[in-house]
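Everything below concerns the one structure shown next.
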Amino acid sequence: MAPPEAAAAMTRCGSCAAFGKLARERGLGRHLHHPQPASRLLRRRPVLLLSRGRSIGYYATEQITRDELTGLMAGDGELEQLSHELEAMGGAAADAAQVLGEEVQEPGIPRRPAPGERAAMTVRVGVIGTGMMGGDHIRRISQVLSGGAVTAVSDADSGRAAQVAAGLPGARVHPAGQELITDSAVDAVVVTSWGPAHEQYVLAAIAAGKPVFCEKPLATTAEACQRIVAAEQAAGRRLVQVGFMRRYDAGYRALKAAVAAGEIGPPLLMHCVHRNAAVPPYGFTTEMMISDSAVHEIDLVRWLFGEEVAAVRVLKPRRSSRGAAGLHDPLLVVLETAGGILVDVEVFVNATYGYDIRGEIVGEHGTVALADGGRTVLKHGGRRGDAVPADWRERFGAAFDTELQDWLTSVAAGRCTGPGSWDGLAATVIAQACHQALHSGHRTEVALPARPEFYARPGGPA
Ligand SMILES: NC(=O)c1ccc[n+]([C@@H]2O[C@H](COP(=O)([O-])OP(=O)(O)OC[C@H]3O[C@@H](n4cnc5c(N)ncnc54)[C@H](O)[C@@H]3O)[C@@H](O)[C@H]2O)c1
C-alpha cells in the first residue's frame with residue numbers, strides 16, 4: 001500500500017470506478033480509502049472503502065469506528081499515514097483527513113444517499129437463526145430483493161447453518177452469533193433465532209454499531225426491551241428495526257390512508273380476526289396466542305391510529321376441542337386506545353380451514369375494511385368461492401418483501417426508518433398486560449413509560 005499514491009488518486013479521480021481502475025493498475029495494495037470531495041464530506045461524511053481496487057461499499061463514518069476502519073486496512077499504521085498524507089496536500093484533501101475514520105455520534109443520522117450511491121451499495125447481511133423465517137428472509141435477500149447479499153449465517157444448530165450456507169456462494173458459517181456480528185464481512189444483521197435469544201444479539205449488534213433487523217418479538221420481556229432501548233439511545237442513533245411486517249401490507253396501508261384522509265370520520269371501533277389453520281400440538285401456549293399471534297394486531301393498532309394502547313381485556317369463549325390440552329383456543333382480546341377507540345381481536349389458532357386475517361375500522365360516518373378473498377373467484381357445481389391462504393408466508397409474502405427491501409435501502413442510505421425498538425418495547429409491554437388480563441379476567445391498564453424524544457418520529461411507512 002502506498003499512501004501517497006492513494007492520496008494522489010483521490011485528487012485526480014472524480015468517480016469511484018476510475019479510482020478503482022487506477023488502484024488496480026498501480027497495484028496499490030489491499031485496502032484504500034477514497035474520501036469524497038470535502039464539500040460532500042462535510043455534509044454527509046461518507047467514506048468509500050476499496051478492497052483490491054473493487055468497491056466493497058459505502059460507510060457513513062457514523063457507522064464505522066476509527067478502530068474498525070484501521071482493522072480493515074492492510075497494516076495498523078496505514079490510516080494514520082494516509083491521514084498525514086492528506087493533511088499535507090491541504091485543501092479538500094486536508095478536510096477529508098479531518099473526518100477520515102472518525103466516530104461521530106449524532107441522533108437520527110438523516111444521511112441521504114448521493115445520486116447513484118444506492119445502486120453502488122450492496123449491504124452484506126449476516127443472518128442469525130436459519131430456521132423457517134431466517135430461511136425465508138435469506139431466500140428473499142438472495143433471490144428477490146436488490147441491494148443485499150447474505151455473507152454469513154449462524155444457528156444454534158450448526159448442521160442447519162452449514163446446509164443453508166451451502167446454497168449461498170461465499171457465505172461464512174459462524175459457530176456463534178456474536179462472532180457473526182463482529183465479522184468485518186457483515187454490514188448489517190438479521191436476527192431470526194427464537195425469541196428468548198433476540199436480546200443478546202440485538203445488544204451485540206448495537207455495541208458493534210451495526211444496523212439490525214430483528215424478527216418480532218424484539219425481546220420476550222419488557223425489561224429486556226428496556227435494555228435494548230437504553231443501549232440504542234446510548235449509542236446515539238437508531239439501529240434497530242423490528243419485524244412488524246403488516247405495516248408494509250398494501251391492505252393495512254390503505255386502511256391507514258383512509259383513516260388519515262378522514263374518509264370515515266373519527267374512528268370509533270375496530271374488529272379484527274386472526275385465525276391460523278393450526279399450531280404445533282406441543283409447546284404452543286395460550287400466552288403465545290397473544291405474544292406470537294395477536295402481537296401483530298397490537299402493533300397495528302398503535303400504528304394505524306397513532307395512539308398508545310391504554311388498557312386491555314382478554315375474554316375466554318368456550319374452547320375448541322381441536323387445540324392441545326391446556327390451550328384455551330380461541331380468545332377475544334380487547335384493546336382500548338388512549339383516545340377511547342375499542343379494538344376487538346378474535347385469535348383462533350386451530351381454525352382448521354386456513355389463515356384468515358380480517359380488519360374493519362368503524363368511523364363516525366363510514367367503515368373501511370380489508371378486502372376479503374384471494375385474487376380469483378371459482379364458480380363450480382352451483383357454488384362460488386375463492387382460496388384461503390395457507391399461512392402468513394402466503395398472505396403477507398409481499399409485505400415481507402417490501403419490509404425487507406425498505407430495510408436494505410435504509411441501511412444503504414445510513415438511515416433507520418421502520419418500526420423500531422420503542423415499538424418492540426410497547427408491543428411487549430401490551431402483550432404482558434394481556435397475559436395479566438388473561439389470568440385475572442380483569443381490565444388491565446398498560447404501564448408504558450413516557451416515549452423518549454429520541455423515538456419521537458414514528459417508525460414504518462406513512
Ligand atoms: N413476522 C412474522 O409474522 C413471523 C412469522 C413467523 C416467525 N416469526 C419470528 O421469527 C423468529 C424465528 O421463528 P421461526 O418460525 O423461523 O422459528 P424456527 O424454529 O423455524 O427457527 C429458529 C431458528 O433459530 C435457531 N436458534 C434458536 N436459538 C438460537 C440461538 N440462541 N442462537 C442461534 N440460533 C438459534 C434454531 O436452531 C432455529 O434454526 C421468531 O422470533 C418468530 O417469532 C415472525
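The values are calculated or read from the model by the stated rules, or taken from the named source; none is laboratory data. None of these values were measured; they are calculated from a predicted model. Glycine also receives a Cβ, built like all others from the backbone with ideal geometry; neighbour counts cover every protein chain displayed.
Just to check your reading of the model, which residue among Gly209, Gly265 is more than 16 Å from the ligand (Cβ to nearest atom), out of contact with any helix residue (DSSP H, G or I) (no Cβ under 9 Å at 6 or more places or on another chain) and either part of a loop (DSSP other than H, G, I, E, B) or more than 30 Å from Gly363 (Cβ to Cβ) (or both)?
Step by step, each of Gly209, Gly265 is checked, and only Gly265 is more than 16 Å from the ligand (Cβ to nearest atom), out of contact with any helix residue (DSSP H, G or I) (no Cβ under 9 Å at 6 or more places or on another chain) and either part of a loop (DSSP other than H, G, I, E, B) or more than 30 Å from Gly363 (Cβ to Cβ) (or both).
Would you check which residues across segment 165-190 are buried (at least 16 other Cβ atoms within 10 Å of the Cβ) and under 21 Å from Gln405 (Cα atoms) and list them?
Leu168, Ala171, Ile181, Val186, Asp187, Ala188, Val189, Val190
Quick test for you: out of Ala176, Ala162, Ala171, pick the one residue that is within 15 Å of the ligand (Cβ to nearest atom), without any contact (Cβ under 8 Å) to a residue 24 or more places away in the chain and in contact with a strand residue (DSSP E or B) (Cβ under 6 Å, 6 or more places away or on another chain).
Ala162
Confirm whether Ser193 is out of contact with any Asp or Glu (no Cβ under 7 Å at 6 or more places or on another chain), of a type in the set (Ser, Thr, Tyr), crowded, with 20+ Cβ neighbours inside 10 Å and more than 30 Å from His271 (Cα to Cα).
yes
Go through segment 213-227 and count every residue that is away from the ligand (no atom under 13 Å from the Cβ) and either within 16 Å of the chain's Cα centre (by Cα) or not assigned by TED's automatic domain parsing to the domain that holds Met133 (or both).
Within segment 213-227, residues that are away from the ligand (no atom under 13 Å from the Cβ) and either within 16 Å of the chain's Cα centre (by Cα) or not assigned by TED's automatic domain parsing to the domain that holds Met133 (or both) number 1.
Taking the criterion of being of a type in the set (Ser, Thr, Tyr) and within 24 Å of Gly251 (Cβ to Cβ), would at least one residue in segment 414-429 satisfy it?
The answer is yes, given that some residue of segment 414-429 is of a type in the set (Ser, Thr, Tyr) and within 24 Å of Gly251 (Cβ to Cβ).
Out of all the residues in segment 342-367, which are surrounded by fewer than 21 Cβ atoms within 10 Å (Cβ to Cβ), within 30 Å of the chain's Cα centre (by Cα) and farther than 19 Å from Ala390 by Cβ?
Across segment 342-367, the qualifying residues are Leu342, Asp344, Glu346, Glu360.
Could you look through segment 120-159, keep only residues that are in a strand (DSSP E or B) and away from the ligand (no atom under 16 Å from the Cβ), and pick out the one that is nearest to Val186 (Cα to Cα)?
Arg124
If you check every pair at least six apart or on different chains, which have Cβ atoms under 7 Å apart with a residue in segment 209-229 that is among the polar types (S, T, N, Q) first and a residue that is more than 13 Å from the ligand (Cβ to nearest atom) second?
As it stands, the answer is Gln226/Leu425, since those pairs meet every condition given.
For segment 371-423, give me the residue count where each residue is within 16 Å of the ligand (Cβ to nearest atom) and crowded, with 18+ Cβ neighbours inside 10 Å.
Final tally of qualifying residues: 16.
Out of all the residues in segment 291-301, which are in contact with a strand residue (DSSP E or B) (Cβ under 9 Å, 6 or more places away or on another chain) and either within 16 Å of the ligand (Cβ to nearest atom) or over 21 Å from Gly424 (Cβ atoms) (or both)?
Matches in segment 291-301: Ser293, Ala294, His296, Glu297, Ile298, Asp299, Leu300.
Restricting to segment 181-203, count the residues that are within 15 Å of the ligand (Cβ to nearest atom) and of a type in the set (Gly, Ala, Ser).
Qualifying residue count, segment 181-203: 3.
Just to confirm my filter: which strands (runs of 3 or more DSSP E) fall fully inside segment 334-437 and include at least 3 residues that are touching a residue at least 24 places away in the same chain (Cβ under 8 Å)?
342-348, 356-363, 366-369
Enumerate the pairs (first residue in segment 182-205 and aromatic (Phe, Trp, Tyr); second residue anywhere and near the ligand (Cβ under 10 Å from one of its atoms)) with beta-carbon separation below 6 Å, excluding pairs fewer than 6 apart on the same chain, so at least 6 apart or on different chains.
From segment 182-205, the pairs are Tyr201/Ile128; Tyr201/Gly177; Tyr201/Val191.
Being in contact with a helix residue (DSSP H, G or I) (Cβ under 8 Å, 6 or more places away or on another chain) and either outside the structural domain of Gly265 (by TED's automatic domain parsing) or charged (D, E, K, R) (or both) is the filter here; which residues of segment 317-342 pass it?
Asp329
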